[in-house]
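Novice: One structure, as structure tokens, below. Some questions next.
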Amino acid sequence: MKINFIKLAAVVGMLAVIFGAFGAHSLQDKISVESIKIFETGVRYHFYHCFAILFVGLYRQQFSNAPDKLLRYAGWAFFLGILLFSGSLYLLACRAWFDIAHWKFLGPLTPIGGLFFIIGWGLLVFQPRPTDTK
């Protein structure tokens, strides 16, 4: 399946705005100040890696003749990082409000998501340079 990373970045970016607005406007009186900070960290990394996915899509579009296996892996790594890192922080921040404090598996998901972010950036390091199209 050929994924359009530009569209994926648009959806992920839209969700980052929604989560950011939800955190800023709906959580202030529902969770602690410390939990708000955790939620904001999730939103911040969500946005950073939305732009990383967008970069992958634009690079693939600009250099369509370049080998893109590592690029595709990087894009998916960024996406998985958002799901695991930011997603777990969102849930950890809201665990008392959602009554999910017993979900012990959430804590370990955060560093696994961070590892996917690192893998994504590392894959970009090894992405071959595009060939000259002239």
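Novice: Would you please list the contacts, defined by Cβ atoms under 7 Å and residues six or more apart or on different chains, that run from a residue in region 94-106 that is touching a residue at least 24 places away in the same chain (Cβ under 8 Å) to a residue that is of a type in the set (Val, Ile, Thr)?
Specialist: Correct list of pairs: 94/31; 96/31; 97/31.
Novice: Given region 34-128, what helices (runs of 4 or more DSSP H) lie entirely inside it while holding 2 or more residues that are buried (at least 17 other Cβ atoms within 10 Å of the Cβ)? Lay out the reasoning, then the answer.
Specialist: On the way: elements: 69-81, 87-93, 95-98, 106-125.
Counting at least 2 such residues, we get 69-81, 87-93, 106-125.
Novice: Of all residues in region 33-60 being in contact (Cβ under 8 Å) with a residue 12 or more places away in the chain and among the hydroxyl-bearing types (Ser, Thr, Tyr), which is farthest from residue 71 (Cα to Cα)?
Specialist: It comes out as 35.
Novice: Please find, among 75, 23, the residue that is under 23 Å from residue 110 (Cα atoms) and modelled with pLDDT under 95.
Specialist: Of the residues listed, the single one that is under 23 Å from residue 110 (Cα atoms) and modelled with pLDDT under 95 is 23.
Novice: I'm checking my understanding of the structure. Among residues of region 1-31 that are exposed (fewer than 12 other Cβ atoms within 10 Å of the Cβ) and not in a helix (DSSP H, G or I), which one is nearest to the chain's Cα centre (by Cα)?
Specialist: 4
The values are calculated or read from the model by the stated rules, or taken from the named source; none is laboratory data. Everything numeric here is computed off the predicted structure, so don't read it as measured data. All Cβ positions, even for glycine, are placed from backbone atoms using ideal geometry, and neighbour counts span all protein chains on display.
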